[in-house]
Amino acid sequence: MKKILVKTKIQKLTACLLLAGMAFTAVSSVFASPEQDRKSIIEYFETRFVGIPLSEYANGVYAYDTVGRESWEAIEEFPPYEIAIEKGQTMWETPFANGKTYKDCFPDGPAFADQYPRWDKKQAKVVTLPLAINQCREANGEKPLKYKKGSINDILAYIAYESRGKKTHVVIPEGEPGALAAYEDGKKFFFTRRGQLNFSCATCHIQNAGNRIRSDNLSPALGHTTHFPVYRSKWGAVGTLHRRFTGCNKQVRAKPFKAQGEEYRNLEYFLTYLSNGLELNGPGSRK
Amino acid sequence: MVKTIRGLTLSGVAMLLTTALMLPAIQTHAADAVKGSNIEQGKELAFSRKKGNCLACHMIKDGVSPGNIAPPLVMMKSRFPDKNVLRAQIWDASKRNPETAMPLFGKYEVLTESELDKVTDFIYSL
Amino acid sequence: MKLAIKLLLIVVLGFTSTVILAAASDKAAQDAIAAADQARKKAASVKGEWRDTGKIIKQAEQTRKKGDFDKAIKLANKAERQGKYGYEQAMSQQTLKMPSYLKY
């Protein structure tokens, strides 16, 4: 008799807790903070891929694609992006026509990739590394580089290489409503279904991460940004993160957005934030 | 009088003729409709990367390098005794699961209605 | 001689009337294309434009210029529907709903 009573009390208590929990979930999924988002996504992957340490996600799909990992490691022995790094170093060291160099714009360079993307208060927008490079060039009377293909990837590859070992640490400054709004905008982009095939980024890179679409093993969103620019065998070249966004939009038959336009910059802000704490290991190589 | 009537009929005939001459250009697509049974055509549509691309996610008998996002499509008649329910699943998978990863083949016209009929025939035969 | 002229006249007459008939559907094709482009822009205004809609509209325009108005209208209508779907798709997600597989 007594036992039963205790049991019901416990049941009541758990029911109460459950209800409270549910109410909390309902509220928090709407007003979740960036840190809550990141934790929730990490928890999702920890449950989905039991036993894979968080740091492994810096290796993208190879965190769990053991078959692909072997050929990837073989490729990394003679990295196909090496020429890009060399060319990038020359770019970094060659003065502009006005005698100044990249170093004048970026005194912390060349190992400073971890400072981007970041909220720029003055410009009131998210500034990514490629955007900052072009702003530096234009301020010095040089032509801006194209954002998807070409020599922007050389300078990015060099900076990425020099920044290896640093950690992703995107900051959403407190008291900057614009920064949080940009993050929220990127988050919304990531979870919004688009295109005739009706996918969101999350459909493939969270919900179905580790599943194969045809023969492609889908990579986790966690770690998506650590290794850019990336040499892709399919491209036969090194390409930028926004080039990859373009490809992923197109394959679901959505019209892609402009590289370095507001949509993709905010998306990058959100996506990179998720990888906070993961080591930068660019440039990378992928299939 | 008779002459003008005859003239008018003639010009009418000429009008019809010239219109008829322009018709074939409009109707060329009607020609390629007849090849193979519905099930065979449905299979081709289901396997084609540009059309159904069902293999991207589903294992299907005879299909090469399928994905594993979705359940294999086997024994469909026991899973879907009612063919209309099967068709509805392919037409708009979000009805049954709002968080589905499957494209809405009918709702968003990835396949035309007649293509969808053929794909349904094929899937139903599995 | 007289007969030849008559025949010629008849053919010309027949032809012009066909052209007049066709001209009516050129206007219809132009209208359909304009409607399609409007639908495309409306989808783009909510970031919901699909990949091929613009291409289909261009195709419709080229087809119209070649005089195949029926096909041009068909293409334009298809593009218009895509614009409509893309708009509705975006609008149905105006407030972000996090997927249930993520726990908070």
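The values are calculated or read from the model by the stated rules, or taken from the named source; none is laboratory data. Since we're looking at a predicted model, the values are computed, not measured. Reconstructed Cβ throughout: ideal geometry from the backbone, glycine too, with neighbour counts over all protein chains shown. Ligands, DNA and RNA are stripped out before the accessible areas are found, and what is left, the full protein with its side chains, is counted by its heavy atoms. Shrake-Rupley method; radii C 1.70, N 1.55, O 1.52, S 1.80 Å.
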Amide H to amide H under 5 Å from A:A254: which residues, 5+ apart in sequence or cross-chain, H placed 1.01 Å off N in plane?
A:Q196, C:R51
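Sort region A:248-287 into rounded, prolate or oblate with this rule: let a ≥ b ≥ c be the square roots of the eigenvalues of the Cα gyration tensor; rounded if a/c is under 1.5, and if a/c is not under 1.5, prolate when a/b is larger than b/c, oblate otherwise. Walk me through the numbers before you get to the answer.
Numbers: a/c = 2.40, a/b = 1.45, b/c = 1.65.
It comes out oblate by the Cα gyration axes.
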Note, ³J(HN,Hα) from phi for region B:93-101, Karplus 6.51, -1.76, 1.60, rounded to Hz, x at Gly and Pro
5, 6, 4, 7, 9, x, 9, 5, 9
Sorted by chain and then number, the residues having a modelled amide H within less than 5 Å of the amide H of A:F199, at least 5 places away or on another chain, are A:R194
Shape of chain A from its Cα gyration tensor (a ≥ b ≥ c, root eigenvalues): rounded if a/c is under 1.5, otherwise prolate when a/b > b/c, or oblate?
prolate
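Would you please name the trypsin sites (Lys or Arg not before Pro) within region A:218-278 that are DSSP coil residues with at most 10 other C-beta atoms within 10 Å of their C-beta?
When the trypsin sites (Lys or Arg not before Pro) of region A:218-278 are filtered for loop state and at most 10 Cβ neighbours within 10 Å, A:K234 remain.
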Taking a virtual spin label 7 Å from the Cα of A:A124 along the C-beta vector, which residues in region A:261-286 bring their backbone nitrogen under 16 Å of it?
A:262
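Using a Förster distance of 41 Å, how high is the FRET efficiency between A:C248 and A:E174, based on the Cβ-Cβ distance and rounded to 0.05?
Working: r = 32 Å, r/R0 = 0.77.
After rounding, the FRET efficiency stands at 0.85.
Can you pull out the buried accessible area for chains A and C, both sides counted, probe 1.4 Å, rounded to the nearest 100 Å²? All intermediate terms of the calculation are to be shown ahead of the outcome.
Working: alone 15960 and 8200 Å², together 21990 Å².
Heavy-atom accessible area buried at this interface is about 2200 Å².
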Measure off 7 Å from each Cα along the Cα-to-Cβ vector at B:R96 and A:V50, then give the distance between these two points in nanometres to one decimal.
2.9
Karplus 3J(HN,Hα) series, Hz, for region B:102-111 with 6.51 cos²θ - 1.76 cosθ + 1.60 (x for Gly, Pro)
8, x, 8, 4, x, 3, 9, 6, 5, 10
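Ordering A:S40, B:S65, A:S215 from largest to smallest accessible area (1.4 angstrom probe), what's the sequence? Present the calculation step by step, with values, prior to reporting the outcome.
Details: A:S40 5, B:S65 55, A:S215 75 Å².
Descending order: A:S215, B:S65, A:S40.
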I need the phi-derived Karplus couplings for region A:224-233: 6.51 cos²θ - 1.76 cosθ + 1.60, θ = phi - 60°, integer Hz, Gly and Pro marked x.
4, 9, 5, 10, 8, x, 10, 7, 10, 4
How charged is the neighbourhood of B:A88? Take every other residue with its Cβ under 11 Å from the Cβ of B:A88, and add Lys/Arg as +1 and Asp/Glu as -1.
+3
If I model a spin label as a point 7 Å beyond the Cα along the Cα-Cβ vector, how far apart are those points for C:T95 and B:I39 in nm?
4.9
What distance in nm lies between label points placed 7 Å from Cα along the C-beta direction at A:R214 and A:R164?
3.2
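Which whole-number value in Å² is the accessible area per residue of region C:25-92, probe 1.4 Å? Intermediate values should be presented prior to the final figure.
Working: 3600 Å² over 68 residues.
Roughly 53 Å² per residue, with all protein chains present.
Under the rule a/c < 1.5 gives rounded, and otherwise a/b versus b/c splits prolate from oblate, where does region A:153-273 land using the Cα gyration tensor? Kindly include the intermediate steps, with their values, before the conclusion.
On the way: a/c = 1.58, a/b = 1.08, b/c = 1.46.
It is oblate, given that a/c is not under 1.5 and a/b is not larger than b/c.
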What does the charge add up to near A:G195, with Lys and Arg as +1, Asp and Glu as -1, over the other residues with Cβ less than 10 Å from its Cβ?
+4
